[in-house]
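Okay, so here's the structure we're looking at.
Just so you know, all these numbers are worked out from the coordinates, no wet-lab data involved. Values in this document were obtained by computation on a predicted structure and should not be read as measured data. Every residue, glycine as well, gets a Cβ built from its backbone with ideal geometry; the counts of neighbours run over all protein chains shown.
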Amino acid sequence: MKTFDDVITSIGEFGMYQKRLYAICVIPQLLTACLTLITVFTLNEHHHRCQIIDDSVNTTIDFPTWHYGDNSSYVVEASKCHISSFNGTGNVTSKTECTAWVYSAEEMSKTPISDFDLVCDNVVLRSHATMAFFGGTLVGVILAGILGDVVGRKPVMSIGVLALTTASMACVWSYNYTMFLVTRFLTGMSTLMVFAPCMVIPIEMVGPSSRVFVGIIIELFWCAGEVILCGLAYFVRDWRILQLTIAVPCTLLLSYIIIVPESPRWLLLVGRRKQAMRILRKIAKVNGTTLTGEVTDVGRVNASLRDVLVILRTPKLVLRWTIISFIWFTISLSYYGLILNAGRIGGNIYLNFLVSAIVEALGYSSCLVINDRYGRKVMNCGSLVLTGVACLSTILPAQLADDSLSWITITLSMIGKFGVSAAFGNIFIYTSELFPTSSRSFILSSSNIFARVGSLVSPYIADLSLLVDSMFGKALPLIIFGCLGLSAGLISLVLPETLNASLPDTIHDIMSTDTRTVKREWPGYNDRGDTLDIPLQLSTYSKRRSY
């Protein structure tokens, strides 16, 4: 019998067809990176102070700023949120909350903060705006998970590119905070509906030896998107123009509705064999090879819900799912938290962000070396432990409470970013290999739900540095990221290794160590609904000890 991997190997594991498709699928990563992380600059601390009568200072914001009366008999102090009046003896005669502000143009000339006055009592609205985007990604993950297994990967992507183009454009013309919030939510939702299929389709269309390369290089394009964003933000200081600059290229993604094919692996699993074989023949033709015969051992999956219920009845798979979900939560929270915290640990935000992007690229690149040599498990555990140790080490400079040592905090933060980026590059591949095609989209989406919950929490963790105004306050978010990273790294030791394993198509592939094990763990069921009374053919994957 021919497995899908056998067919892909025979017609080209990563031939010309897959390379062309891959080149197309990595482009959205540039745009989604920019749209996801744009708030690092647009919602970063925008220096301000209260506006006072006859105030002509619009670009230099000094604290406190003094304004004298005509006869110097009184003094007015304009701080960030209050205007205080003093008499000639220096006593406060009045103190009022200001209703208008002057904003610095040192980093950004205009931001949502200055347009919608997200300062003082409204400062928490910044975190809400970031949370709205990540809330959208949470909804996008759920939709992608449900629709991805039911109607296919391509329809999800098609809906996503339509929504992404519309929402990112509409955000430019946000006339109030509510519209800004809604458009950011819709942008977040659609980025995941584009991002997920553009990763899944190439991974499901290449052979095992190319899977790591495909999974990691696409992450490097995310880093390239970060570098592009940093350059754009440096030269374009008006947030609306910056948003428009990123939104316009999204219109090019509309062509994907026509040019990107459905995953043939998924088509086979839902019984659409003719369509799948047509795509496989096209792959063979472009690759200069010949497709002989058909795939015969991929069972038809009528409902992925059945497989999910089986997973929930199997303690080993439930444990695996739980651990993976916690790891996704930790990685996402730490990853986005470290990025959002880049402008609050000292130094120049543009330089910090650029270095962070380079460090992230190095983290992903390390996966190419370590993954195929030492395995996914070693990569996952080692990178998370490195993140934990580096972030927890920021306690030392924080204890010294010396601003001149902020470079140590920045360095440790970058080491943590390296570790969590390596973990991010590895976890998608690792999760894909731990679960079967019949429920892979659902498992990835459910794990992504926990990741999105982590990203929802991340802006509030990062903003702790604003609430605790000290060196320890700057280190507090990093300490939280460190504790989570260390815990996730150690608990991941329970998971099995999947190096050089065949990508499992059904739960049957995972559980079929032998007939006795299948009947004990999975009574009366296989991928076709038959009883399992005869020995089952073992795949490379199913020979490995798993939990």
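Spin-label model, V124 to E497: label points 7 Å out along the Cα-to-beta-carbon direction sit 5.0 nm apart.
Here the label points at N176 and I257, each 7 Å from Cα along the C-beta direction, are separated by 3.2 nm in the simple model. With R₀ fixed at 25 Å, the C-beta to C-beta distance from S84 to E106 puts the FRET efficiency at about 0.50.
What fraction, in whole percent, of alpha-carbon pairs in the range 193-266 exceed 21 Å separation? Percentage above 21 Å: 44. Of the three principal axes defined by the Cα atoms of the range 318-375, the extents in descending order read 44, 26, 10 Å. Beyond 21 Å in Cα-Cα separation lie the following of the pairs K154/K377; K377/K417; K154/K417; K80/K110; K19/K377: K154/K377; K154/K417; K19/K377. Taken over the C-alpha atoms, the range 163-221 has Rg and Dmax values of 16.0, 51 angstrom. A straight chain from F235 to L368 at 0.36 nm per residue would run longer than the Cα-Cα distance by 44.5 nm.
Taken along its principal axes, the alpha carbon cloud of the range 83-191 reaches lengths of 76, 22, 21 Å, longest axis first.
Between R273 and R20, the simple label model (points 7 Å from Cα in the Cβ direction) yields a spacing of 2.8 nm.
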